[in-house]
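The values are calculated or read from the model by the stated rules, or taken from the named source; none is laboratory data. Computed from a predicted structure; not experimentally measured. For neighbour counting, all protein chains shown are included, and Cβ atoms are generated from backbone atoms with ideal geometry for every residue, glycine included. SASA here: full protein model, heavy atoms, side chains in, ligands and nucleic acids out. Shrake-Rupley method; radii C 1.70, N 1.55, O 1.52, S 1.80 Å.
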Amino acid sequence: MKRITKVAGCAVLALAAAGLMSCGGKKTQAKGNYVVDSSIVPKETVTLQVYDQLANFSGEQVGWFGKILLDNFNVKINIIPESGNTYTTRMESKNLGDIVIWGDDSDDYVAAAEGGLLFDWEDEDLLSNYGPYIEAHMRQALEKNRGITNTGKVYGFGFDVSTSQTDRQGFFYTWDLRYDLYEKIGKPEIKNYDDLFNALKAMKAICPTDDKGNPTYGASLFPDWDGNMVMYVKSLGTAYAGWDEFNFGYYEPATGKYHPCLEEKGPYLEALKFLNRLYREGLLDPDSQTQNYDAMSEDYQNGTAFWNVFNWMASGAYNTDAHISQGKAMYPVKPTEAAPGVYGQSVFGGNRIWSIGASTEYPELCMAIINWLCTPEGFMTSLYGPKGVTWDYDSNGKTYFTELGKKTSTDVNTPMPAPYTGTYKDGSFQMNNTTWAKDASNPDSNGESYNYVNWASEATPAKSAIEQSWRDWSQSSSVEDYLGKNKFTLLPGSTYSASPMSDELSAQWNQVANAIKTGTWRAMYASSEAEFDSLVAKMIAEAKSFGYDNCNAYAEKEAARKKAAEVAASK
């Protein structure tokens, strides 16, 4: 492991209000409410390599966020997403990158940590000297990380750290629907998949083409984020049944029971059956299996598809000022029988880990950047843009969007002012991971969280006639209000992390995953119900032939460990 040059007792980036000031007579430069130790800033611009298993982007971070990094740290970052054999190749080269972001904290992460490819954050006081905000405010998340490997060392922390173990996060699965079309078809009651199918079919009948004259659909999907299962199918299962994704199936939080994804009438196959029914009726974008995330996003931006379960994936693209001025918008219309999973806050953090590669020449700089992303200003910047430009605090310490921020929060194609270049979207934070949970308390604000939906400034009268119409229908003042007083399932946090697999099981796992993903897409595109049933049966047989039952035996043991960790965390 590379040894770092120790700067005794100096905090590289510290919150002045927390008493973490720079020392030793070093020249400092104020950046917002924080203090940057100028000794950490390289004289020549440095490009850091960020190996990011969660990224949807490849290349240099540009735009407003790129400029902020350049101004504060004199660095550029080059993002390397997970693709094909990226992990294997980088492990073999013994160089994962400078900053390393993991999709989960199990096998790949453990192998890298125990193989000496990740920097020990306590080595030569790297964390104390260059990550003081993390050390002071994320102690339980750091200790969770210590227990994941057999080394007893801290290599990072998991995402979505919260300031409270008892609160829930904001709703992730919101069941957004083209509400203007829903009104036009008479706002029929939607209790279940059947009712949603009928509503989407009626919507297409009255709106057969999108903004650009292309055919419309009920939904548009993409395969980029498929993992053990097809992402949208398993997510739809969680949005409906409320059980969390777990290995090759779901974890039922009330009982701790593991449900394999291919069990008859389970959430995964029921969601798949619904999507196949959409396809057979011409209500599923036929390009769903081959298009990428950007193409899917463009579909929702143009009004090509009417429905999506995620709170940001569709409505965030469609609800522009232009559409709203025309009386068009997407708002939640949840099937009454659905009990969407909503994650409990966790002081231990989640499974997507921030870490530093052991071969980096700049461990101090990497730590300083991660530390800044954990400060309130850094995290707010990653979420909403530059402080004082798109958001700020008022005289009472409450958070608000500026006029520009109101535009960028609803239309990511809004141009950014000088000294920034391009649109807000061009400069959006591309690492695709979080430090704090959005619903964690923001200590820089006056009693508010990072999540803008809960800011006092956002608790305003409806901003449009269609929003008021949705409020009247839902008898709610906001999305959170609507979903919070209806049926949902709490998914609690804990210190649980997955046990390592044997090489044999890992090999079986990859084959089973490929069989399930391939079989799922084939079944989704079945031309008849009989063909669907046949393709599902074939998928089950193939998965079993590759070791599906062995994988599920592992998952059942892990579910018991997860339940025990949840019980311990609740005490």
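Values computed for the structure shown
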{"read-out": "Additional length obtainable on full extension of the chain from residue 336 to residue 164, 0.36 nm per residue less Cα span", "value": "59.0 nm"}
{"read-out": "Nearest-0.05 FRET efficiency for residue 326 and residue 281, computed from C-beta distance (R0 41 Å)", "value": "0.95"}
{"read-out": "Whole-Hz ³J(HN,Hα) from phi, Karplus 6.51 cos²θ - 1.76 cosθ + 1.60, for the stretch 482-497, glycine and proline x", "value": "4, 6, x, 9, 10, 5, 8, 10, 7, 10, x, x, 6, 8, 4, 9"}
{"read-out": "Angstrom value of the Kirkwood radius, inverse mean 1/r, which spans all Cα pairs in the stretch 406-459", "value": "13.1"}
{"read-out": "Within the stretch 272-310, backbone nitrogen closer than 18 Å to the virtual label 7 Å beyond the Cα of residue 537 toward Cβ", "value": "273"}
{"read-out": "Net charge of Cβ neighbours under 11 Å - reference residue 58; Lys, Arg +1; Asp, Glu -1", "value": "-3"}
{"read-out": "Cα-derived Rg over Rh, computed across the stretch 440-571 with Rh taken as Kirkwood radius", "value": "1.16"}
{"read-out": "Apportionment of accessible area to carbon and sulfur, the chain, percent (1.4 Å)", "value": "47"}
{"read-out": "Between 0 and 90°, nearest 10: helix 548-569 axis offset from the chain longest Cα axis", "value": "60"}
{"read-out": "Residue-count net charge about residue 547 - beta-carbon cut-off 15 Å; Lys, Arg +1, Asp, Glu -1", "value": "-4"}
{"read-out": "For the stretch 241-290, average projected area of the Cα convex hull in nm²", "value": "4.2"}
{"read-out": "Pair residue 202, residue 446: separation of 7 Å Cα→Cβ label points (nm)", "value": "4.7"}
{"read-out": "Förster radius 30 Å - calculated FRET efficiency between residue 39 and residue 418, Cβ distance, rounded to 0.05", "value": "0.50"}
{"read-out": "Total charge dipole magnitude, the chain, about the Cα centre, Cβ charges on Lys, Arg, Asp, Glu only, Debye to nearest 20", "value": "580"}
{"read-out": "Isotropic mean projected area of the C-alpha convex hull, the chain (nm²)", "value": "25.2"}
{"read-out": "Estimated 222 nm signal from helices in the chain, with DSSP H stretches of n ≥ 4 weighted -39500 (n - 2.57), rounded to 500", "value": "-11000 deg cm²/dmol"}
{"read-out": "0 to 90° range, to nearest 10: angle between helix 63-73 axis and the chain longest Cα axis", "value": "20"}
{"read-out": "Span from the the stretch 258-327 Cα centroid across to the the stretch 340-401 one, whole angstrom", "value": "29"}
{"read-out": "Ranked packing of 425-434, 129-138, 101-110, 474-483, most packed first, by mean Cβ within 10 Å", "value": "129-138, 101-110, 425-434, 474-483"}
{"read-out": "Residues whose placed amide H lies under 5 Å from that of residue 436, excluding near-sequence neighbours", "value": "160, 161"}
{"read-out": "For the stretch 180-298, alpha-carbon Rg over 2.2 N^0.38 Å", "value": "1.16"}
{"read-out": "Gain on full stretching of the segment that runs from residue 556 to residue 122 - 0.36 nm per residue minus C-alpha separation", "value": "152.8 nm"}
{"read-out": "Computed label-point distance, nm, for sites residue 107 and residue 78 using a 7 Å Cα→Cβ extension", "value": "2.9"}
{"read-out": "Using a Förster distance of 22 Å, the FRET efficiency for residue 257-residue 191 (Cβ separation, nearest 0.05)", "value": "0.30"}
{"read-out": "The stretch 426-432 - phi-based ³J(HN,Hα) in whole Hz, Karplus 6.51/-1.76/1.60, Gly and Pro as x", "value": "4, x, 4, 4, 9, 6, 6"}
{"read-out": "Segment residue 499-residue 511, extension gain: residue separation times 0.36 nm, minus the distance between their alpha carbons", "value": "2.4 nm"}
{"read-out": "Folded to 0 to 90 degrees: helix 465-474 orientation relative to the chain principal axis, Cα", "value": "70"}
{"read-out": "Antiparallel content of DSSP bridges confined to the chain, in %, to 5", "value": "65"}
{"read-out": "All-pairs alpha carbon distance profile, the stretch 339-390, 5 Å steps from 0, percent", "value": "4, 15, 15, 19, 18, 15, 8, 3, 1, 0"}
{"read-out": "Dipole of the chain, positive direction: furthest Cα of 109, 510, 373, with charges on the beta-carbon", "value": "373"}
